[in-house]
Amino acid sequence: MIDMEMSSEQQQIVDSVRSLLTDVLPYERFVPRPTPVPNQDRAQFPKLGELGVFGLGLSEADGGVGYSMVEEVLVARELGRFLVSPTAIATMIGVHVAQAAGDPELARRLMQGGTPVAPALAFNSAKNHFAGEYHLVDGDRAEWALAWSEAGVALVGFDDWSELEAVPSIDSTLWLARVRFNGLMPDLRVVAAKGLWRRAQLLVCAYLTGVAEAALDDSVEYAKVREQFQQPIGGFQAIKHRCADMLARSSVAWNSTIFAALTDVVEGQDADFQAIAAKLLASDAAFRNAAINIQNHGAYGFTGEHHAHLFVKRAHMLDRFGGDATYQKQRMLGAKPPSQESVSL
Amino acid sequence: MQIEFTRQEQAFRSEVRSWLRANVPAGERPIHSDRNLDIREFDLEWQRKQFDAGWAGISWPSEYGGRGASLIEQLIWHEEYARAGAPRAGSCFVGLSHAGPTLIARGTPEQQAFHLPRILRGEAVWCQGFSEPGAGSDLAALSTRAEIDGDHLVVNGSKIWTSYASVADYQELLCRTEAGGRKHSGISWVICPMDTPGIELRPILTMVGPNDFHFCQVFYNDVRIPLANVVGEINDGWGVANATLGFERGTGFIADQIQNSELVERLIAMARERRGLDGLSAAIDDGDFASRLAMSRAEMAGVRAMTYATVSRAANENPGPEGSLVKLFFSEASQRLRRLGVDLLGPEALELSSDAGLTTPYLRSYAASIGGGTSDVQRNIVAERVLGLPRGPRP
């Protein structure tokens, strides 16, 4: 059975998340008045929590909604489309960390959305521990950070942060700080071998794919209405061919992500390989589509009044989450490819 | 959503695998050139072997003598076919993937009864007669004329880029049977026997090398073809040709994709063994090579995911223009990969005789974004039919 299409139930999940995000987190929230407004997405997180976004993939016995990684990936893609603060992704992952590491109380609390988890982006990915320097994203007043290294994924509580220093952020809509985690092995952690990092990676891939798709939608919409030389610019091959390439890339990114997720679900031997490939392709799609979207908008795309620049900046933030493309390429070459002999997934 | 092969599908895979392992021809496929009839014999013999074992026409419905395999079984067949290093369909391709399916869709019972078994049994080679010197991407601008004279058509004009013309028995010929009117109407799809008097061939040299006459220009001087050879309604050739366009996309590329995945793995292994620029460390330690190898590995994984998605779509509904997306991405990714191959070779890349055998496929890869619909046309299709951007010129 090869079925990579959404079921009607999955479509309903996507529709309900999309409809909530359209209501509570529209792009208009990014319009500077006149200077950039601090990110307030987390104020809406309890509504996302109520919808089940943060506990989607946790079993019902553990208080979650009981779906699989696939449904989480579908939702993460929507979060990317709406440029929702990446704390939402970190919170989704954090729920699994808390539950698996033996703190179901915390898992329940994170699921409700009132306690956002800040993504911690490692400066260098440590091989077998979590200590080191990180960037904390949208984490002012956060209680928890999600650290990610080759050792696995961990929740690091506020008490274990040191040398916190807020720094100007490339993305003015996301507060950024440097921070040091001193504990080598935080209590709430899931080792890499358990594969939770793949779920984390694929949620990031899905977010990046959502960014790439949103940039495409933005370009297509604009190319249909913007007129120059007495015609919509979308009629010019220079523009329409770029849009076709954007779709090709976002489509490759999406299908690789979902393929990797489905491979993970059936515990395929090449699950690592697929998850790394997906990250490279999703990152590439987000960066390139974001850049082309700016080009397609001309000077409007270069302004800080239009949201086009945010796609670029989110791509940078998410690219670093779990290790950037340069790092993923090293891992890609080290990964075990799907076996030529046994193709059974 | 699910990707998991059923027990039956896994059994099918092992059956295919063991048959291919035992039966794939041991010898190399002969070099393809204008006067080389060996290739015809080689391709037909391999086709006959598949027919005798019941594999011929894997995608054809069983009532027409095909295998009637499900879409997933076709995917498995093509995957195993490539992994076993089976020779490409070559001169049998047009018959199996184009002419045959067209006859199934639009041919008369007589046309079907005569031609389909010959294609399946490896007794007839078909070539394509679509493009013309003046009608490439704008295929409907074709001007090869066919005038009705009694119960025959009299054809005059020229076709071009015809692969295997010199070894073909039949050609699927698109010609203009009615002048004036809209350019997509007045075209007919005709079975043209290649031994009809008045047909002349001019082999065309390709950029691949001094002996590579991959295709021909075909000239028609008062070529008389029975009217009974028209497939579908006369003047409805455009519709007939489009009835099976999907066969060139979707599963048609799987074998090529597997070969490319294998090429990536081969290049990675090669880069681990060969010395890099400094003559000391391995080529893979070079940042540029490492980066490109990693990206190619990811891209080929991406192509596979796209193919599975296309199969999934096709199983659920009709394959849409999404096939164009796969072709667009795949052809350019495979060009990058083949360029990487020759870059890894370094100086040896300049020698066509190089043992590594990477230079010739590299040169051939320039055709990937042209043949079967240029990447530029694919982009138009995607932009207009999927994204709904304004249409370009349609005179």
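The values are calculated or read from the model by the stated rules, or taken from the named source; none is laboratory data. Just so it is clear, the structure is predicted and the values come from calculations on it, not from any experiment. We place every Cβ from the backbone using ideal geometry, glycine too, and count neighbours over all the protein chains shown.
Brief remarks on what is shown
- Single condition B:Arg67 does not satisfy, out of (1) free of Cβ contacts under 8 Å to residues at least 24 places away in the same chain; (2) under 27 Å from B:Val264 (Cα atoms); (3) among the charged types (D, E, K, R): (2)
- No other residue among A:Leu121, A:Leu106 is over 30 Å from A:Met4 (Cβ atoms) and assigned to a strand (DSSP E or B) apart from A:Leu121.
- Lone unmet requirement of (1) modelled with pLDDT under 95; (2) part of a helix (DSSP H, G or I) for A:Val73: (1)
- Filter pass, B:Ser324 being more than 9 Å from chain A (Cβ to nearest Cβ), within 30 Å of A:Lys224 (Cα to Cα), out of contact with any Asp or Glu (no Cβ under 8 Å at 6 or more places or on another chain) and surrounded by 19 or more Cβ atoms within 10 Å (Cβ to Cβ): no
- Once the range A:190-238 is narrowed to residues that are surrounded by fewer than 24 Cβ atoms within 10 Å (Cβ to Cβ) and among the β-branched types (Val, Ile, Thr), the residue that is nearest to A:Arg18 (Cα to Cα) is A:Val220.
- When the range A:1-40 is filtered for residues that are closer than 30 Å to B:Gln8 by Cβ and of a type in the set (Val, Ile, Thr), only A:Ile2 remains.
- Residue that is surrounded by the most Cβ atoms within 10 Å (Cβ to Cβ), among those in the range B:368-395 that are more than 9 Å from every other protein chain (Cβ to nearest Cβ), more than 14 Å from B:Gly136 (Cα to Cα) and touching a residue at least 24 places away in the same chain (Cβ under 8 Å): B:Ala368
- When we screen B:Gly27, B:Gly90, B:Gly54 for residues that are more than 14 Å from chain A (Cβ to nearest Cβ) and modelled with pLDDT of 95 or more, the only hit is B:Gly54.
- Failed condition for A:Met332, given (1) within 11 Å of chain B (Cβ to nearest Cβ); (2) touching a residue at least 60 places away in the same chain (Cβ under 8 Å); (3) touching a helix residue (DSSP H, G or I) at 6+ places or on another chain (Cβ under 8 Å): (2)
- Test: A:Asp270 is within 28 Å of A:Ala223 (Cβ to Cβ), of a type in the set (Asp, Glu) and facing chain B (nearest Cβ under 10 Å): no
- Some residue of the range B:138-157 being hydroxyl-bearing (Ser, Thr, Tyr) and not in a loop (DSSP other than H, G, I, E, B): no
- If you filter the range B:1-24 down to residues that are more than 10 Å from every other protein chain (Cβ to nearest Cβ) and among the aliphatic types (A, V, I, L, M), you find that the one that is surrounded by the fewest Cβ atoms within 10 Å (Cβ to Cβ) is B:Ala22.
- Matching residues in the range A:169-204 - criterion: being among the aromatic types (Phe, Trp, Tyr), under 19 Å from the mean Cα position of the chain (by Cα) and under 21 Å from A:Phe158 (Cα atoms): A:Trp175
- Verdict on A:Glu50 being modelled with pLDDT under 95 and acidic (Asp, Glu): no
- Residue that is surrounded by the most Cβ atoms within 10 Å (Cβ to Cβ) [pool: residues in the range A:5-63 that are more than 20 Å from the chain's Cα centre (by Cα), in a loop (DSSP other than H, G, I, E, B) and within 14 Å of chain B (Cβ to nearest Cβ)]: A:Glu5
- Condition met for A:Val252 (at the interface with another protein chain (Cβ under 9 Å from one of its Cβ atoms) and in contact with a Phe, Trp or Tyr (Cβ under 8 Å, 6 or more places away or on another chain)): yes
- The residues of the range B:42-70 that are more than 19 Å from the chain's Cα centre (by Cα) and either of a type in the set (S, T, N, Q) or over 11 Å from B:Leu120 (Cα atoms) (or both), listed by number, are B:Glu45, B:Ala53, B:Pro61, B:Ser62, B:Glu63, B:Gly68, B:Ala69, B:Ser70.
- Per the listing B:Leu277, B:Leu263, the residue uniquely more than 8 Å from chain A (Cβ to nearest Cβ) and either surrounded by 19 or more Cβ atoms within 10 Å (Cβ to Cβ) or touching a strand residue (DSSP E or B) at 6+ places or on another chain (Cβ under 6 Å) (or both) is B:Leu263.
- Being without any contact (Cβ under 8 Å) to a residue 12 or more places away in the chain and more than 17 Å from B:Gln2 (Cβ to Cβ) holds for only one residue in A:Ala43, A:Ala76, and it is A:Ala43.
- Residue tally, condition under 14 Å from the mean Cα position of the chain (by Cα) and either among the β-branched types (Val, Ile, Thr) or facing another protein chain (nearest Cβ under 10 Å) (or both), over the range A:284-315: 3
- For the residues B:Ala298, B:Ala315, B:Ala305, B:Ala294, the requirement of being among the small types (Gly, Ala, Ser), at the interface with another protein chain (Cβ under 9 Å from one of its Cβ atoms), assigned to a helix (DSSP H, G or I) and in contact (Cβ under 8 Å) with a residue 60 or more places away in the chain singles out B:Ala315.
- Here no helices (runs of 4 or more DSSP H) wholly within the range B:7-113 include at least 3 residues being among the β-branched types (Val, Ile, Thr).
- Condition met for B:Arg339 (outside any loop (DSSP other than H, G, I, E, B), more than 10 Å from every other protein chain (Cβ to nearest Cβ) and of a type in the set (Lys, Arg)): yes
- Answer from A:Ser250, A:Ser256 - the residue that is within 15 Å of A:Asn293 (Cα to Cα), polar (S, T, N, Q) and surrounded by 19 or more Cβ atoms within 10 Å (Cβ to Cβ): A:Ser250
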